[in-house]
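This report concerns only the one structure given below.
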Amino acid sequence: MEFTLDREVLSSHLDSLSRAVASRPIRPVLNGINFDFKDGLTMTATDMEFTVRSRIPDVSGEKSFVVDAKTITEIVKSLPDREVKFSIDGQKLDILSGKSKFQIFIQDSSEFPEVRIPTDGIQFDMKRTQLYSMLERVSFSAANDENMKNLNGVYVEVENGISRSVAVDGFRMALSEEKIDGTFNINFLLSLRAIKELLRALSSTEIEKINLKFENKQIAFDFGNTVFVCKIVDAEFPNYKRVIPEEFKTRVVVDRNMLRSAVRRVSILTRAGSETIKISLEGEKMKVSSRSADLGEAEETIDVQVEGEPLVIAFNPNFILDALNHMEEEKIQLSFVDSNKPLMIDTIDLKGYFFIIMPVRL
């Protein structure tokens, strides 16, 4: 059996597929990518939690096989010519491009797990930029510890035409909303790893509309010739609505860049692992300060618009900076209850997007 592929097209597909290959596979075959010739070439990689399936049409063949993902990806990237010729001889795959020739071992596809792609269930479309923004604006607030399954991911719920994403790590929370067409209600939790891979794909594709299919504890993101399938995390996401304050005693409108610069400067005099800055509000002034017994003191004053009571409160500066770095608006709003209650960061005009940050005890 012989077939020919364009190196650039194949390399692009292999980049996406290789991200689904298991880092510590339970079976050796999961180190590979399954090539299946049926109505074109369909390639599949999976770690049983996250699957990528790519299709290259107009390729004929009759055999299926599994090839080591890292090996085939590195070979294809290194080839000199655009045209790459493949031929199969028993359990070996010959790869020819220009004057370069490789012969690598392949495995039988019968060992590769059957991965079912959702085709029915609930389906809806989202703009690529809309989906990317919704996930990217919250994913940094998820816990990085993979053992914390219920926090190591992004929770998504769709209610009456609103798609909402939420991430929490026990110290902060980020929430983002987007309008979609549809009146159905669903909710699911995706792992942080799946979210990161999905964001990479969304940032590199030119497809403008992504089709989502939710069925049987899986959700598929259809990019046309590439489909990402994520298994829903079997863990209970915390009731995030309980940490959202219902009323505030003090509100502040401040220039985002001025606050970000001030926080960044005063946090220089903090120690890793015990970072704390203090925010003091009085009149139309915000004082941002830090103190270290080993390093010294730093203080900066910013002109702000204040409505409500004076306040002194402390935070981890990294959480403040993360929130500010994921906002684009010139003016932002800080809403406080008291020195022991969470801070909400949002904007005056943009609705459906905010951060909650827990304070540090003074």
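The values are calculated or read from the model by the stated rules, or taken from the named source; none is laboratory data. Here the structure is a predicted model, which means the values were calculated and not measured. So basically every Cβ, Gly included, is an ideal-geometry build from the backbone, and we count neighbours across all protein chains shown. Side chains are part of the model used for accessible areas, which takes the heavy atoms of the whole protein and leaves out ligands, DNA and RNA. Shrake-Rupley method; radii C 1.70, N 1.55, O 1.52, S 1.80 Å.
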In the calculated pair distance distribution of the range 279-354, what percentage of Cα-Cα distances lie above 13 Å? 73
Spacing of the two label points (7 Å from each Cα toward its C-beta) at Arg265 and Lys241, in nm: 4.3
Debye calc, one equal point scatterer per Cα of the range 1-119, no solvent, log10 I(q)/I(0) at q = 0.09 1/Å comes to -0.21
Of all DSSP beta bridges in the chain, what percent run antiparallel (nearest 5)? 100
0 to 90° range, to nearest 10: angle between helix 69-78 axis and the chain longest Cα axis: 80
Radius of gyration and Dmax over the Cα atoms of the range 165-313, both given in Å: 21.5, 58
In whole Å, largest first, what are the principal axis extents of the Cα atoms in the chain? 79, 50, 34
Distances over 12 Å make up what percent of all Cα-Cα pairs in the range 207-252? 73
Over all directions, average the projected area of the Cα convex hull of the range 172-220 and note it in nm². 4.7
Provide, in order from the shortest bin, the percent of all Cα-Cα pairs of the range 61-190 in each 5 Å bin, continuing until the bin that contains the maximum pair distance. 2, 9, 13, 12, 9, 8, 10, 11, 14, 8, 4, 0
Kirkwood Rh for the range 59-118 from C-alpha pairs, in Å, is 12.9
In deg cm²/dmol, rounded to 500, what helix-only [θ] at 222 nm does the chain give when every DSSP H run of at least 4 residues adds -39500 (n - 2.57) and the total is split over its residues? -5500 deg cm²/dmol
I need the peptides 351-359, 246-254 ranked by packing, meaning the mean over residues of other C-beta atoms within 10 angstrom, with the highest value on top. 351-359, 246-254
Could you give the length gained on full extension between Asn257 and Asn147, defined as 0.36 nm per residue of separation minus the Cα-Cα distance, in nm? 36.0 nm
Carbon plus sulfur fraction of accessible area for the chain, probe 1.4 Å, in percent: 44
Whole percent per 5 Å bin, from 0 to the bin with the longest distance: what is P(r) over all C-alpha pairs of the range 226-362? 2, 9, 19, 22, 19, 12, 7, 5, 3, 2, 1, 0
Taking only protein heavy atoms and a 1.4 Å probe, what accessible area per residue, in Å², does the chain have with all protein chains in place? 51
Please give me the summed charge of the neighbours of Asn160: other residues whose Cβ is under 15 Å from its Cβ, Lys and Arg +1, Asp and Glu -1. -3
Is there a pair in Lys213/Lys351; Lys63/Lys101; Lys38/Lys101; Lys196/Lys278 whose C-alpha atoms are over 31 Å apart, and which pairs would that be? Lys196/Lys278
Need one number: nm distance between label points at Lys85 and Arg116, each 7 Å from Cα along Cα→Cβ, rounded to one decimal. 4.2
For the range 217-289, what is the convex hull volume of the alpha-carbon atoms per residue, in Å³? 249
Kindly report, to the nearest 10 Å², the accessible surface of Lys77 as traced by a 1.4 Å probe over protein heavy atoms only. 120
Taking only the Cα atoms of the range 143-251, how large is their convex hull per residue, in Å³? 140
